[in-house]
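Engineer: This is the structure I have questions about; it appears just below.
The values are calculated or read from the model by the stated rules, or taken from the named source; none is laboratory data. A quick note: this is a predicted structure, and the numbers were derived from the prediction, not measured. Here the Cβ positions follow ideal geometry from the backbone for every residue, glycine too, while neighbour counts run over all protein chains shown. Surface areas here come from the heavy atoms of the whole protein model, side chains and all, with no ligands, DNA or RNA. Shrake-Rupley method; radii C 1.70, N 1.55, O 1.52, S 1.80 Å.
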Amino acid sequence: MTGTPAWQMSAEALSQAYARRTLSPVEALLSVLERADAVHPVLNALVVRDDTAALAAAQASEARWRRGAPLSPLDGVPLTVKDNLPVAGLPCRWGSRLFADHWPVQDESPVARLRAGGVVILGKTNVPEFTLQGYTDNPLFGPTGNPWAPALTPGGSSGGAVAAVAAGIGPLALGTDGGGSIRRPCGFTGLYGFKPGRGLVPRADGLPALLPGLEEAGPIARSMGDLRRALRLLAPRLTPRHDTPGLLRIAYWRAIGDSPVDAAILARSDAAAERLQAMGHTVAVQPSLPEVEAFNRQAWPVIASTGLAAVLHERIDGCEDALTPAMAALLAQGRSRSAVELFQAQALQRALAQALQGLFAQHDLLLTPASAALPWPADQSHPATIAGQPVDGRGHAVFTAFANGAGLPALAVPAGPTEDGLPVGLQLVAPRGGDALLCAVGAMWERDGAPAWCWPPALDKEELPS
């Protein structure tokens, strides 16, 4: 055994220890499960577990490492899966009473690729109902807390996933991102999170598509190195870049139109922009594109509501009784929309993609905050105000959905904490096909500009079981 508890180790450190035989996958699993037991009463991040199957997978991995034949560098590494991604033999409840008895018999394809690489699947992480909200709470399991401040939300919809990784319940998580659901939660918890470009991570055998063409599966990690290792399994067509990116032209959006942004977030984002400038890159502060505001305000409500209506179309009448008031209202909105409204929303989405193509003709990357708001109380769906101004349910989320709408790769990286100790995240967006460049830039940021990872001190102050 090593001096560092296995639950604190990175995926890279675990695989190195397995290769040296100073730690076994079984020992690592038991350490992580013990940590999960300790933090679950505080965070409620991991809502479905299968310790027996995980132990069997860890034992099989241990045998492979003994033979010197691991399936991948992640063989034996513990990982959690978001509860809207089917895992064979485990329930996939989607945060909804309507799916409380849904037990898939087949892995969704990203899960299958990770399993083929030998990862040890711990279980499923908590989500909001139908993964359509920016916090993590649902009628089946209740709210998930942020490891940095358990009374606050880790965001959503990959809130359980980021809470698990930030708390030590596995060094990696598999999440999904349809409008920022990986990037904003990673920003709230000091993690790295990647939303691949459209189609880079193939998906099949999953739940019905709520946001067709917008939602991608991607990895979440405490380090860029671990994130890239997971992405190599998830995206078999991606050719990693091994060179250091040259000097880059970076556009910087501090706001989206006149939508408010928390002052502490702007301070950390400005400092990051200055850091990139000091590294030799050109950073140009610019106003956001009007097509982003049009997509956020006019297209997104139509796409999200009609998606829910389509998914629930064949459900029996009266399914509204099983929904929370928020989802019932969204369903009613979707059912009231016309085909013309959906067509117009799709036209706005195409205009968005064209406008961003023009932006990237002049710039290599786009930098923004990951979220407009800091974390808010865990049982509230969204902050009522930002920077003293009233906002609606998407006010905190204005920076992220445009990347989904245009199918662009986007990466969340940590920018450092506020004076109160809450993490702040940055978002880096690349043009279509820029996934490898974005990963290389993330590695550069981790090496030259990112704050070092530290464990959330708030958990140390909680009454955790010994």
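Engineer: Among 431, 417, 445, which residue has its Cα furthest toward the positive end of the charge dipole of region 346-456, with +1 on Lys/Arg Cβ and -1 on Asp/Glu Cβ?
Structural biologist: The residue sitting farthest along the positive end of the dipole is 431.
Engineer: Could you tell me which residue out of 8, 255, 458 lies farthest along the dipole of the chain toward its positive end? Charges go on the beta carbon: Lys and Arg +1, Asp and Glu -1, centred on the Cα centre.
Structural biologist: Of the candidates, 8 comes out farthest on the positive side.
Engineer: Residue 335 to residue 282: extension gain in nm, 0.36 nm per residue of separation minus the Cα-Cα distance?
Structural biologist: 14.4 nm
Engineer: Right, another one. Please give every one of the aspartates and glutamates within straight-line cross-link reach of residue 195, meaning a C-alpha to C-alpha distance under 18 Å, and leave out same-chain neighbours fewer than 8 residues apart.
Structural biologist: Leaving aside aspartates and glutamates fewer than 8 places away in the same chain, those within reach of residue 195 are 83, 108, 177, 215, 216, 226, 364, 435, 446.
Engineer: With each label point set 7 Å from Cα along the Cα-Cβ vector, what nm distance links residue 258 and residue 357?
Structural biologist: It works out to 3.2 nm between the two label points.
Engineer: Return the whole-Å distance between the Cα centroid of region 236-284 and the Cα centroid of region 354-416.
Structural biologist: 13 Å
Engineer: Need one number: % antiparallel among DSSP beta bridges in the chain, to the nearest 5.
Structural biologist: Bridges in the chain are about 65 percent antiparallel.
Engineer: Straight-line reach only, C-alpha to C-alpha below 16 angstrom: list the lysines that residue 124 could link to, leaving out same-chain residues fewer than 8 apart.
Structural biologist: 82
Engineer: Go through region 243-259 residue by residue and turn each phi into a ³J(HN,Hα) via Karplus (6.51, -1.76, 1.60, θ = phi - 60°); whole Hz please, and just put x for glycine and proline.
Structural biologist: For region 243-259, the Karplus curve yields 8, 8, x, x, 5, 10, 9, 10, 7, 10, 9, 7, 7, 10, x, 9, 5 Hz.
Engineer: Provide the descending list of Cα extents for region 51-170 along its principal axes, expressed in whole angstroms.
Structural biologist: Rounded to whole Å, the extents work out to 45, 33, 22 Å.
Engineer: Over region 130-191, give the accessible area per residue in Å² for a 1.4 Å probe, as an integer.
Structural biologist: Values: 680 Å² over 62 residues.
Computed with neighbouring chains in place, this is 11 Å² per residue.
Engineer: Here is a further query. What are the residues whose amide H is under 5 Å from the amide H of residue 152, where those residues sit 5 or more places off or on another chain and H is modelled from the backbone?
Structural biologist: 146, 378
Engineer: Give the shape of region 116-268 as rounded, prolate or oblate, defined through the alpha-carbon gyration tensor: a ≥ b ≥ c are the square roots of its eigenvalues, a/c under 1.5 means rounded, and otherwise the shape is prolate if a/b is larger than b/c and oblate if not.
Structural biologist: It is rounded, given that a/c, with a ≥ b ≥ c, falls under 1.5.
Engineer: What do you reckon, how do 376, 455 stack up by accessible area (1.4 Å probe), largest on top?
Structural biologist: 455, 376
Engineer: Moving on to the next point. Packing-wise, with mean Cβ within 10 Å as the measure, how do 68-75, 259-266 rank, highest first?
Structural biologist: In decreasing order of mean packing, 68-75, 259-266 become 259-266, 68-75.
Engineer: Per-residue ellipticity at 222 nm for the chain, helices alone: DSSP H runs ≥ 4 residues times -39500 (n - 2.57), over residue total, nearest 500 deg cm²/dmol?
Structural biologist: Working: 15 runs with 175 residues, N = 466.
Mean residue ellipticity at 222 nm (helix-derived): -11500 deg cm²/dmol.
Engineer: Here's a follow-up. Given H placed on each backbone N at 1.01 Å, which residues far from residue 386 in sequence or on other chains put an amide H within less than 5 Å of it?
Structural biologist: Counting only residues 5 or more places away or on other chains, the set is 391.
Engineer: With viscosity set to 0.692 mPa s at 37 °C, what whole-number translational diffusion coefficient in µm²/s follows for region 248-363 from Stokes-Einstein and a Kirkwood radius over Cα pairs?
Structural biologist: Translational diffusion coefficient: 192 µm²/s.
Engineer: While we're on this one: When a/c reaches 1.5 or more, the comparison of a/b and b/c decides; with that in mind, is region 396-461 rounded, prolate or oblate per its Cα gyration tensor?
Structural biologist: oblate
Engineer: Using 7 Å Cα-to-Cβ label points, what is the residue 69/residue 343 separation (nm, one decimal)?
Structural biologist: Inter-label distance under the simple model: 5.9 nm.
Engineer: Compute the signed sum of charges (Lys and Arg +1, Asp and Glu -1) over the other residues within less than 15 Å, Cβ to Cβ, of residue 387.
Structural biologist: Result for the neighbourhood of residue 387: -2.
Engineer: Please compute the modelled spin-label separation between residue 310 and residue 247, points set 7 Å along Cα→Cβ, answer in nm with one decimal.
Structural biologist: Once both label points are built, they end up 4.6 nm from each other.
Engineer: While we're looking at this one, here's another question. Below 8 Å, C-alpha to C-alpha, sequence gap of six or more: please give me the relative contact order for the chain in percent. Don't skip to the end; give the middle numbers.
Structural biologist: Working: 1081 pairs, mean separation 83.3, N = 466.
With pairs under 8 Å counted, the relative contact order is 18 percent.
Engineer: Related question: Multiply the residue gap between residue 59 and residue 151 by 0.36 nm, knock off their C-alpha separation, and tell me the result in nm, one decimal place.
Structural biologist: Length gained between residue 59 and residue 151: 29.4 nm.
Engineer: Mind checking the log10 I(q)/I(0) for the chain at q = 0.07 Å⁻¹? Debye, one equal scatterer per Cα, no solvent, two decimals.
Structural biologist: Values returned for q = 0.07 Å⁻¹ are -0.31.
Engineer: Sticking with this one: With the full set of protein chains in place, find how many percent of the accessible area of the chain is carbon and sulfur; take the probe as 1.4 Å.
Structural biologist: So the carbon and sulfur contribution to the accessible surface is 53 percent.
Engineer: Let me ask something else about it. Membrane-span-like helices in the chain: DSSP H runs reaching 30 Å or more (Cα, own axis), mean Kyte hydropathy at least -1.0? Write down the numbers at each step before the final one.
Structural biologist: Values: long enough: 339-362 (36 Å, 0.50).
Both cut-offs are met by 339-362.
Engineer: What length, rounded to one decimal in nm, is gained on full extension from residue 106 through to residue 455, with 0.36 nm per residue of separation minus their alpha-carbon distance? Present the calculation step by step, with values, prior to reporting the outcome.
Structural biologist: On the way: separation 349, 0.36 × 349 = 125.64 nm, distance 3.51 nm.
My answer for the length gained is 122.1 nm.
Engineer: Right, here's the next one. Largest first, how would 445, 453 line up by accessible area (1.4 Å probe)?
Structural biologist: Order by accessible area, largest first: 453, 445.
Engineer: Name the residues whose placed amide hydrogens come within less than 5 Å of the amide hydrogen of residue 223, ignoring near sequence neighbours (fewer than 5 apart) on the same chain.
Structural biologist: Residues meeting the amide H criterion: 192.
Engineer: Something else: Around residue 264, under 14 Å between beta carbons, what's the net of Lys plus Arg minus Asp minus Glu among the other residues?
Structural biologist: In short, -2.
Engineer: Using only Cα atoms, what Kirkwood radius does region 297-441 have, in angstroms?
Structural biologist: Computed over Cα pairs of region 297-441, the Kirkwood hydrodynamic radius comes out at 17.6 Å.
Engineer: Now for a separate question. If R₀ is 25 angstrom, what is the calculated FRET efficiency for the pair residue 321 and residue 209, using the beta carbon separation as r and rounding to 0.05? Don't jump to the answer; show the numbers that get you there.
Structural biologist: Numbers: r = 25 Å, r/R0 = 0.98.
Computed FRET efficiency for residue 321 and residue 209: 0.50.
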